[in-house]
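In what follows, a structure is listed as structure tokens, so that the remarks can point back to it.
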Amino acid sequence: MLNDLCNHMSRKIKPKNFWLNKNNCLEASKNYNTKSDFRKYNNPAYQASLKNKWIDEFFPKKDIKNYG
């Protein structure tokens, strides 16, 4: 009965090892413009991306020569 009442609610806690999947982290990172926003609003995905060295791929550094 409880499941029937709550089936419209989204699950906030991700399954174990969800953030060990690169694609899951990539999709989460697309919601943010900066690394700091990613870290602030989705720290578990940010930490997994950092640990697995995906973060620079998700947020490539801009070429400074093109800006000045």
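I want to confirm something. Restricting to the range 29-45 and keeping residues that are under 16 Å from residue 14 (Cα atoms) and hydroxyl-bearing (Ser, Thr, Tyr), which single residue is least open to solvent (accessible area, probe 1.4 Å)? This residue is 29. A search for C-beta distances below 8 Å between a residue of the range 31-45 that is in a helix (DSSP H, G or I) and any residue that is open to solvent by 60 Å² or more (accessible area, probe 1.4 Å) and at pLDDT below 95, counting only pairs 6+ apart in sequence or on different chains, returns 44/14.
Can you confirm whether the range 8-28 contains a residue that is among the basic types (Lys, Arg), part of a loop (DSSP other than H, G, I, E, B), in contact with a Phe, Trp or Tyr (Cβ under 9 Å, 6 or more places away or on another chain) and modelled with pLDDT of 95 or more?
no
The values are calculated or read from the model by the stated rules, or taken from the named source; none is laboratory data. Model, not experiment: these values are computed from the prediction. Virtual Cβ from ideal backbone geometry, glycine too; neighbours counted across all protein chains shown. Accessible surface areas use protein heavy atoms only, side chains included; no ligands, DNA or RNA. Shrake-Rupley method; radii C 1.70, N 1.55, O 1.52, S 1.80 Å.
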